[in-house]
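Visitor: The structure's right below; bear with me while I get my questions together.
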Amino acid sequence: MRQETPVAPTIGVLDLQGGVVEHLEHLAALGIPARRVKLAKDFEGVAGLIIPGGESTTLSRLLQRDGLDREIEERFRAGLKLWGTCAGAILLAREVIGEAAFLGLMDISVQRNAFGSQLDSFNRTVDIPALHETSVPLTFIRAPKILSLGEGVSSLLQIDDYHAAAEDPKILVTVFHPELTPNLAFHRHFVRKCGIPVQDGGERSDDRWRANSWVSFAPIP
Ligand code: GLN
């Protein structure tokens, strides 16, 4: 009898635009098998898909062009977990204020570019005791705000008048970019959500990350 070789559960990173390499590096730091997802066949053995940040309109066009939007919806119905970072969160939202929603798989309402222009990007640190013992660095790049959560969606991080991270049983969304900091807490959380065991620890110190590094985006005189 022919035996199928079991495929180790893998995390996929949608490879159309945005912070693909950084997500793959974070998963590698956790020792988790990961792969780029560009075509329908790349979903084989993928337990969870990360939709990186980038530009949501561009990403939606590329997803449609390649038929990957349908593929994600079908795989999601069959159990695929999803994590949208920034533009990825916009694509997953059921409501995008003033615009048509795209995948609409998560009952949240988001407002794009809610902090202003690219120059209004910023870093900050927060405490998220449920996810990490020490404070967690966050990088916001022309980020959206999650303004409201539907039934079954819980907030992982509320700041001022918005939610910065939220989840339901199958989807995680963050309006910031954990892949652009040395912290692994959100990647570890998503990997566990996908049913893949992972150890604590593995954080790297990254001297390039600075809480005020977006200051360098000010126009050069
Ligand atoms: N501003 C982008 C959008 O609306 C998102 C930016 C990001 O992903 N960092 O699509």
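Visitor: If the chain were replaced by its equivalent ellipsoid, with semi-axes equal to the square roots of 5 times the Cα gyration tensor eigenvalues, what would those be, largest first, whole Å?
Guide: Working: eigenvalues 141, 90, 57 Å².
One finds semi-axes of 27, 21, 17 Å for the chain.
Visitor: As I understand it, the dipole of the chain uses +1 on the Cβ of Lys and Arg and -1 on the Cβ of Asp and Glu, about the Cα centre. Which of Ala47, Pro182, Ala87 lies farthest toward its positive end?
Guide: The residue sitting farthest along the positive end of the dipole is Ala47.
Visitor: What is the local net charge at His23, summed over the other residues whose Cβ is closer than 10 Å to its Cβ (Lys, Arg +1; Asp, Glu -1)? Please list the in-between numbers first.
Guide: Values: positive: Arg36; negative: Asp15, Glu22, Glu25, Glu179.
That works out to -3.
Visitor: Turning to a different aspect of this structure: Can you give the relative contact order of the chain as a percent, counting alpha carbon pairs under 8 Å and 6+ residues apart? If you can, show how the numbers build up before the last one.
Guide: Working: 439 pairs, mean separation 39.3, N = 221.
Taking the mean separation of contacting Cα pairs over the length of the chain, I get 18 percent.
Visitor: Rounded to the nearest 20 debye, what is the charge dipole size of the chain about its Cα centre when +1 sits on each Lys and Arg Cβ and -1 on each Asp and Glu Cβ?
Guide: On the way: 23 positive and 28 negative charges, 91 e Å.
Rounded to the nearest 20 debye, it is 440 debye.
Visitor: When only alpha-carbon atoms are used, what values of Rg and Dmax, in angstrom, describe the range 20-127?
Guide: 14.7, 41
Visitor: Quick check for me: using +1 on Lys/Arg Cβ and -1 on Asp/Glu Cβ, what's the dipole size of the range 54-142 about its Cα centre, in debye to the nearest 20?
Guide: Numbers: 10 positive and 12 negative charges, 26 e Å.
Using Cβ point charges on Lys, Arg, Asp and Glu, the range 54-142 gives about 120 debye.
Visitor: Simple spin-label model, 7 Å along Cα-to-Cβ: Arg192 to Arg61 in nm?
Guide: Modelled inter-label distance: 4.0 nm.
Just so you know, all these numbers are worked out from the coordinates, no wet-lab data involved. Owing to the predicted nature of the structure, the values given are computational and were not obtained by experimental measurement. We place every Cβ from the backbone using ideal geometry, glycine too, and count neighbours over all the protein chains shown.
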